[in-house]
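The values are calculated or read from the model by the stated rules, or taken from the named source; none is laboratory data. Quick caveat, the model's predicted, so the values are computed rather than measured. So basically every Cβ, Gly included, is an ideal-geometry build from the backbone, and we count neighbours across all protein chains shown.
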Amino acid sequence: MLKNSSSLPLSGPAGAKGFNKVQLLLLALLLLALALPLYVTGPTHLNLAILILMAAQIGVSWNIVGGYAGQVSLGHVAFYGIGAYTSAILFSIYHVNPWIAMLVGGVIASLVSLVIGWSCFRLKGHYFAMATIAVAEIIQIIFTNWDFAGAAVGLTIPMAEEGWSKMIFAGKEPYYYIALGLLLLTLLANFIIERSYLGYYFRAIKDEPDAARSLGVSLSKYKQIAFAVSSFFTAMGGSLYAQKELYIDPTSVLGTGISIKMALVSILGGIGTLFGPLVGAGLLTAIEEGTRTFFGGTGRGTDLIIYAALIIVIAVYYPNGILGYIKSMFARREAIKAQANHADKEAGK
């Protein structure tokens, strides 16, 4: 399920016409996203949009290591939690600017990923995935029993001051634009990686590791790079969550379900694609919020049941995700059209 990948063509042999169409579509979507708070003013609906952007951002972050490099980490929530706790501790206790604290959280998560990767990358396949889950559980236990970090009670970020310098706001609109900006930054990093030598190395490690090794590609080195970059952006997503909610505890930022959601967002939308996690985030967040609205406390866990069903459906029918299916559908249509044109030319002779 995770081995096949496809991405939306932004350029290539299709010609300038196809390239311009995609560019115009992306520009229209960006303008729509920027203008959304002008028309969606209700706090509930705007909060839903923020949740979708945040889910997409951590999905895009996970996609670097899980999609491009093919290393399925199911313990990525460890870096999300490290980012959240670093930001909360630096801001609430040491009064460090939250923008700087967000970057520090990303750096610390990257350094921790190097330590984790050094041991976990000795394992392959599902053994690696299980090892990352174990590491995430260990980190959750550490924070649950660490009094300085609030232990099981958690940490509260004080609302003494509001404004962009403190990243604390009474309304939802500023959080929307911060979430959008962070998502665009993460997408830009993915775009650069996808079209650089790193992207080629990551895909080679994913699809043909033995061939990549025979050509001189250091598997451990580039797995570590993918893991570190992915961890950095995941931690920044955790920092944003802490600043938005103003309260964190081990359950809210270190729960295993967050790791599963990161992976499922990418797998559902199209693993190894640039925009697949955006599609997956929109669908999964809608399911999550929809089940919470319709069932309330009595339907707790319903979203997880739907997640499991989606995994089965994707694995059996759509292994390349929604975007992969759409791309293959257009490819088949173009092939049929080309075949029909060829038949007409032959008939004309």
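Within the range 128-162, the set of residues being in a loop (DSSP other than H, G, I, E, B), out of contact with any Leu (no Cβ under 9 Å at 6 or more places or on another chain) and buried (at least 19 other Cβ atoms within 10 Å of the Cβ) comprises just one member, Gly150.
When Tyr80 is tested against (1) within 19 Å of the chain's Cα centre (by Cα); (2) over 17 Å from Tyr241 (Cα atoms); (3) of a type in the set (Ser, Thr, Tyr), just one condition goes unmet, and that condition is (2). Residues in the range 37-76 that are β-branched (Val, Ile, Thr) and without any contact (Cβ under 8 Å) to a residue 60 or more places away in the chain: Val40, Thr41, Thr44. Selection of first residues in the range 145-157 that are touching a residue at least 40 places away in the same chain (Cβ under 8 Å) and of second residues that are of a type in the set (A, V, I, L, M, F, W, C) and surrounded by fewer than 18 Cβ atoms within 10 Å (Cβ to Cβ), restricted to Cβ pairs under 7 Å at least 6 apart or on distinct chains, gives the following pairs, ordered by first then second residue: Thr156/Leu246; Ile157/Leu246.
Taken across the range 222-242, residues that are among the charged types (D, E, K, R) and more than 19 Å from the chain's Cα centre (by Cα) do not occur at all. Of all residues in the range 163-192, those satisfying the criterion of being surrounded by 13 or more Cβ atoms within 10 Å (Cβ to Cβ), of a type in the set (A, V, I, L, M) and either in contact with an Asp or Glu (Cβ under 9 Å, 6 or more places away or on another chain) or at pLDDT below 95 (or both) are Met167, Ile168.
Just checking, does the range 307-319 include any residue being among the hydroxyl-bearing types (Ser, Thr, Tyr), modelled with pLDDT under 75 and more than 18 Å from Val279 (Cβ to Cβ)? No, the range 307-319 has no match at all. For the residues Thr251, Thr234, the requirement of being within 13 Å of Ala56 (Cα to Cα) and modelled with pLDDT of 90 or more singles out Thr234. Look at the range 162-179: where a residue is under 19 Å from Ala88 (Cα atoms) and a partner is among the aliphatic types (A, V, I, L, M) and not in a loop (DSSP other than H, G, I, E, B), sitting 6+ places away or on another chain with Cβ atoms under 7 Å, you get Glu162/Ile168; Tyr175/Ile50; Ile178/Leu240; Ala179/Ile50; Ala179/Leu53; Ala179/Met54; Ala179/Leu240.
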